[in-house]
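**Student:** I have a structure I would like to understand better, so I am pasting it below and will then ask my questions one at a time.
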Amino acid sequence: MNGTNSSWKDRALAALGPRLFGYLRGRAFDSPDADNDPNEQALQRYRLVPRVLAGRADINLECSVLGHRYAAPVGVGAFAADRLFSAQGVAAIGRVCARLELPLFVSEEAVTPLAEITASGADCWLQLRAAGPFERALGLLDLIARAGGKGVVLTVLAPVHPVPGLHPGGVDVAAEIATRGWSTIGAAEGVAHLPAFPAWGVDELVRLAQAVHERGMSLLIKGILHPEDARLAEAAGCDGVMVSNIGVRQLYRWAPAVERIAPVSAVLKNASVLVDGGFRNAADIVVARLLGAHMAVLVRPVAYALSAGGEPAVAQMLERLLGELQAVCAWMGVAHLEQLDASQLIKLS
Ligand SMILES: Cc1cc2nc3c(=O)[nH]c(=O)nc-3n(C[C@H](O)[C@H](O)[C@H](O)COP(=O)(O)O)c2cc1C
């Protein structure tokens, strides 16, 4: 196995078959092109300008995000129904994240029990949906706080298509989970049935931020693309904003995540900026940093590796990424990502 992202993807297709692979790849129902990810395409327009006379050998990728130290500004993001892709589930990713000192964002729709995931030793953040009774969310805050989690990620752009029949890849993941008799983290039994169109607004956000802080954790809001929403979220008490279009899995026409980093960063005072959607390699992560993100989060490359080869493949994929990041930093002439200069980024027209 050569361990490139495209080889994990090919092997994931072979392991899962076209239907489940189609869900994982998850093109929106209105996508004109199943082969291309619009987030990845938007990232390809950014090019880096190396500085070759700085002579850097002492590269340090460490970063501090939301008061936590990580070995690199790279996280693994949330995905539902983890055991559809590998019997090892997201706990296998947790063990790799713990060893590599990277954060793990866990979907409330994962089917591996939370205790098994946190037992990996990884810094875990629980991702919740901004829908349903507020008390349900409070119960999940208690669950992650008891499990020693670092915080909560509240997804405010629906992570599933609310209209039946328009699910990513045409697969109804709730039905897949129910058929197998599994339960998600977010439901006492089976799958939480949440309203199709989330009705949460700023009032709920203020209450949730307070409840998260009372439990000694941090709150990240995920699915923000407009700077005014980012400003409102910070004013409501969010500690960080995850710029995300949820991988354009619901609607092809969402603005590419990479294009929204700079406008969102510009309005935030202290909140951390994270981003996901199309980040695949070290150059992408450097682009995210140059545009103002403190961390880039990856989902599908990690899920492809998990599907293709379980824990060893996830380890190989992430170790390779961190190695590549060291090399790109050296070529960019910086010992630390903070030293990158805006003059080192250009965008092709
Ligand atoms: C199979 C799958 C399931 C997902 N489930 C969730 C979820 O439960 N909650 C959520 O907030 N995002 C979910 N997402 C979205 C991802 O967290 C992420 O925002 C998106 O995939 C973009 O990152 P990527 O391009 O690196 O995959 C899911 C993505 C995939 C591929």
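The values are calculated or read from the model by the stated rules, or taken from the named source; none is laboratory data. Being a predicted model, the structure only gives us computed values, none of them experimental. Quick reminder, even Gly has a Cβ in these numbers, built from the backbone with ideal geometry, and neighbours come from all protein chains shown.
**Student:** Got at least one residue in the range 315-322 being of a type in the set (A, V, I, L, M), surrounded by 22 or more Cβ atoms within 10 Å (Cβ to Cβ) and closer than 21 Å to residue 82 by Cα? Before you say what the answer is, go through the steps one by one.
**Tutor:** So the first thing to find is which residues in the range 315-322 are of a type in the set (A, V, I, L, M), and the list is 315, 317-318, 321-322.
Of the ones still in play, those that are also surrounded by 22 or more Cβ atoms within 10 Å (Cβ to Cβ) are 317-318, 321.
Cutting the leftovers down to closer than 21 Å to residue 82 by Cα gives us 317-318.
Within the range 315-322 (the criterion being of a type in the set (A, V, I, L, M), surrounded by 22 or more Cβ atoms within 10 Å (Cβ to Cβ) and closer than 21 Å to residue 82 by Cα), the answer is yes, since at least one residue qualifies.
**Student:** Which of the residues belonging to the range 254-268 are more than 14 Å from the ligand (Cβ to nearest atom) and assigned to a loop (DSSP other than H, G, I, E, B)?
**Tutor:** Within the range 254-268, 268 is the sole residue that qualifies.
**Student:** Further question: Select, from 67, 121, 89, the only residue that is of a type in the set (Gly, Ala, Ser) and within 14 Å of the ligand (Cβ to nearest atom).
**Tutor:** Going through 67, 121, 89 in turn, the sole match is 89.
**Student:** In the range 207-235, how many residues are more than 26 Å from residue 114 (Cβ to Cβ), in contact with a helix residue (DSSP H, G or I) (Cβ under 7 Å, 6 or more places away or on another chain) and among the aliphatic types (A, V, I, L, M)?
**Tutor:** 3
**Student:** If you don't mind, another one. If the requirement is being at pLDDT below 95, of a type outside the set (S, T, N, Q) and away from the ligand (no atom under 11 Å from the Cβ), which of these qualifies: 219, 232, 225, 251?
**Tutor:** 251
**Student:** Moving to a separate point now. Considering only residues that are surrounded by fewer than 16 Cβ atoms within 10 Å (Cβ to Cβ) and within 23 Å of residue 271 (Cβ to Cβ), which ones fall in the range 42-70?
**Tutor:** 62, 64, 67, 68, 69
**Student:** I would also like to ask the following. For the range 124-147, indicate whether the set of residues that are within 14 Å of the ligand (Cβ to nearest atom), at pLDDT below 95 and surrounded by fewer than 16 Cβ atoms within 10 Å (Cβ to Cβ) is non-empty.
**Tutor:** No, there is no match, as no residue in the range 124-147 is within 14 Å of the ligand (Cβ to nearest atom), at pLDDT below 95 and surrounded by fewer than 16 Cβ atoms within 10 Å (Cβ to Cβ).
**Student:** Here's something else I'd like to know. Select from the range 255-287 the residues that are aliphatic (A, V, I, L, M) and touching a residue at least 60 places away in the same chain (Cβ under 8 Å) and write down the one among them that is farthest from residue 241 (Cα to Cα).
**Tutor:** The residue in question is 283.
**Student:** For residues that are assigned to a loop (DSSP other than H, G, I, E, B), away from the ligand (no atom under 16 Å from the Cβ) and buried (at least 19 other Cβ atoms within 10 Å of the Cβ), tally how many sit in the range 269-288.
**Tutor:** 1
**Student:** Follow-up. Against the definition (within 14 Å of residue 301 (Cβ to Cβ), in contact (Cβ under 8 Å) with a residue 60 or more places away in the chain and either under 16 Å from the mean Cα position of the chain (by Cα) or more than 9 Å from the ligand (Cβ to nearest atom) (or both)), how does residue 75 come out, yes or no?
**Tutor:** Answer is yes for this residue.
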